[in-house]
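Working notes, beginning with the structure itself.
Bear in mind that the values in this text are calculations on the coordinates, not laboratory data. As the structure is a computational prediction, the values presented were derived from the model and not from experiment.
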Amino acid sequence: MGLTQPIATTRSAAGMDTGKLALWWIIGSEIVIFGGLLMCYIMHRIFHGHWAAEAAHTNVVCGALNTFVLLTSSLFIVLAHQAAEQKNRIKTFTYIWLTIGGGLTFLAIKSYEWTIEIMHGYTMGKSLFWSFYYTAAGLHGLHVIGGLAVMAWISFDVLKGKYFNRVELIGLYWHFVDIVWIFLFPLLYIAK
């Protein structure tokens, strides 16, 4: 009697498959990391009024454009999930790569923005605000890169007609990455 898939994907814990449960554990731990960082930022921001002068030098246009790009990429991963549920390999693959394109665009805009800021002397060592800014945005950027790598890997499995269920999982992760940015954008760019 052979198994067609590993036991770990067929077991159920807490009423959901183990892949989804593992993803929620990862997201939960990431919420603790980002939540702690953002709470420290907010507390320092409240008690250090001079941060407003530093925050005035962030590039709101780049931040807003990146918000639009990430939200659009979220739409594409939703469409990829819809296509995966229909087992449409080509559509799923295409929408995943449109999502990846959005993530790469986000990183390109962020690289441009950081280059300009650094050229103007706004480096991590300039002040505590810039340390928080680069740490929070950099940590978010690492999560974007990780999500893009996993998405690319999943896309090629989907193209072979395998593991369509993983599209939903990477979609949930990508939405988490977007939500983190939704908190970062107003805190780092708008709240002056």
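Relative contact order of the chain: 30 percent, from C-alpha pairs under 8 Å at least 6 residues apart in sequence.
Comparing V78, V167, V60, which has the greatest mean-square fluctuation in the GNM of the chain with Cα pairs linked when under 10 Å apart? In the Gaussian network model the winner is V60. By a straight-distance test (C-alpha under 17 Å), which aspartates and glutamates pair with K20 as possible cross-link partners, with residues fewer than eight away in the same chain excluded? Reachable aspartates and glutamates: E30, E85, E168.
Springs between Cα atoms under 10 Å define the GNM used for the chain, and in it the highest mean-square fluctuation of A80, A56, A136 occurs at A56.
Short-range pairs are left out: with C-alpha atoms under 8 Å and at least six residues apart, the relative contact order of the stretch 92-178 is 37 percent.
Straight Cα distances below 21 angstrom link K192 to the lysines K110, K126, with same-chain residues fewer than 8 positions distant left out. Among the listed options (1) 1.06; (2) 1.18; (3) 1.01, the one matching Cα Rg over 2.2 N^0.38 Å as calculated from these coordinates is (2). Highest GNM mean-square fluctuation among G161, G146, G121, for the chain modelled with Cα contacts below 10 Å: G121. Taking only the Cα atoms of the stretch 121-192, the ratio Rg/Rh comes out at 1.16, with Rh defined as the Kirkwood radius.
By the rule of a C-alpha distance below 17 Å, with chain neighbours fewer than 8 residues away ignored, the lysines paired with K87 are K160, K162. How much length, in nm to one decimal, is gained on full extension between T18 and I116, taken as 0.36 nm per residue of separation minus their Cα-Cα distance? Going from the current span to full extension adds 30.9 nm.
Helices in the chain, meaning DSSP H runs of at least 4 residues, each add -39500 (n - 2.57). Divided by all residues, the mean residue ellipticity at 222 nm is -27000 deg cm²/dmol.
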